[in-house]
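The structure under discussion appears below in the form of structure tokens.
All of the numbers you see were taken from the coordinates with simple rules; none came from a lab. Source: prediction; values computed, not measured. As a convention, Cβ positions derive from the backbone with ideal geometry for all residues, glycine included, and neighbour counts pool all protein chains shown.
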Amino acid sequence: MTHLKKCTILATTLVTTALLTPSLEARTCSGNADVFGPYGYFGSRGGVFFSGATPPGSTAAGSPIMVPTGGTTTPTTVTGSNTPFGRFVTGLANNGILSVNGRIYFDGVGGVYAASNSGSLLLNTLAGSYTVSTDCSIKITLNDAFVSTTGATTTTMPTVSLEGEVTDNRIDAVVSGANAAGASVTFVRTAQANSCSNANVQGNYSVTGSGFGAATTSSGGTTTPTTTGAFSSGATNSLGTPFNLLGRFTADGNGNLVADQAFSPSPLKRTLTGTYTVNVDCTGTAMFVDNAGVTRTASFVLVNDSARCVSGPNTANPSLQFVFTDAGFTGNGMATRQ
């Protein structure tokens with residue numbers, strides 16, 4: 001595989017450099033121009049966790065399942081616009097369950113731009129600011145600029161502040177604020193600035209993910225699974241059921257996730273089939289169906305996640321970073337070209 005070969009070459013180069021160089025200088029950034037172009041954003045926060053976990057080998061029972069509140073006092077709920085970006089900002093500003101993605105634009109001089117709807121190339125609404133320091137740390141402020149106005153009265157824009165680190169085409173960040181504890185935020189360069197289509201997703205992909213289904217939702221599919229598939233469920237409790245995803249799919253470049261060839265079936269029975277649609281702005285939607293009949297829908301962004309191995313453009317092998325969108329389900333995952 002080409003990308004594995006590049007990884008091997010890169011690793012060899014780094015080892016050789018380490019042996020010949022007495023000390024390596026810390027990476028430095030030149031400023032805001034180091035973060036420029038369209039990025040996919042991904043925000044998530046789990047809705048359930050176990051408190052008082054016991055160490056391995058202990059016979060004592062752990063504490064009951066708890067729902068996080070983000071603090072010792074009930075916070076004031078922040079409300080915003082009913083847009084993808086608005087739900088992203090308000091989700092980070094509040095402390096509830098969060099699983100959302102979309103696309104924004106960093107202009108290279110400190111401005112962040114967004115659109116009010118998915119699939120739009122017109123990221124022309126100023127929705128925040130950012131500052132990149134010489135040590136490659138970054139501070140970002142995001143505003144829900146799509147809050148509606150009533151007459152002469154304008155509702156205050158929800159605002160959230162983030163701090164993060166810049167690594168090649170990726171920014172890993174956390175939210176600063178009492179209500180935002182537990183939120184994970186990632187920004188990744190999209191595969192292209194525009195002109196994406198179904199043809200950008202073709203070939204074999206490995207898929208991993210995890211999530212949680214509320215107790216009032218079904219497990220997916222039309223029947224109770226009787227075989228093992230790519231989706232596997234954990235222990236069900238009064239709040240719902242956690243699940244993991246481990247599988248693979250083959251995309252035909254025309255919007256279909258197809259089964260393995262008859263002469264080379266996967267022995268793991270974790271093949272996913274279904275459909276997908278890629279928008280011109282490199283966002284999209286997909287439906288995954290595993291061998292057991294479990295179905296999940298997801299929204300994704302085609303990202304150039306080259307920071308995993310080789311820096312620089314990697315448009316020939318974009319990854320799909322996605323969140324589950326079925327009612328009552330939260331979670332996220334990644335599909336990576338094999």
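What distance in nm lies between label points placed 7 Å from Cα along the C-beta direction at residue 193 and residue 36?
In this crude spin-label approximation the distance works out to 1.0 nm.
Give me the number: length gained by fully extending residue 122 to residue 204, i.e. 0.36 nm times residue separation minus the C-alpha to C-alpha distance, one decimal in nm.
Taking residue 122 through residue 204 to full extension adds about 26.4 nm, to one decimal.
Add +1 for every Lys or Arg and -1 for every Asp or Glu among the other residues with Cβ under 15 Å from the Cβ of residue 90, and state the total. Provide the component values of the computation, followed by the final result.
Working: positive: 45, 87; negative: 144.
Value of the local net charge: +1.
Can you pull the one-decimal nm distance between simple spin-label points at residue 159 and residue 237, each 7 Å off the Cα toward Cβ?
The two pseudo-label positions are separated by 3.8 nm.
Over the range 75-177, what is the mean sequence separation of C-alpha contacts under 8 Å (at least six apart), divided by residue count, expressed as relative contact order in percent? Before the final figure, lay out each step's value.
Numbers: 191 pairs, mean separation 24.2, N = 103.
After rounding, I find 24 percent.
Mind sorting 171, 97 by how few other Cβ atoms lie within 10 Å of their own Cβ, fewest first?
So the residues, fewest neighbours to most, are 97, 171.
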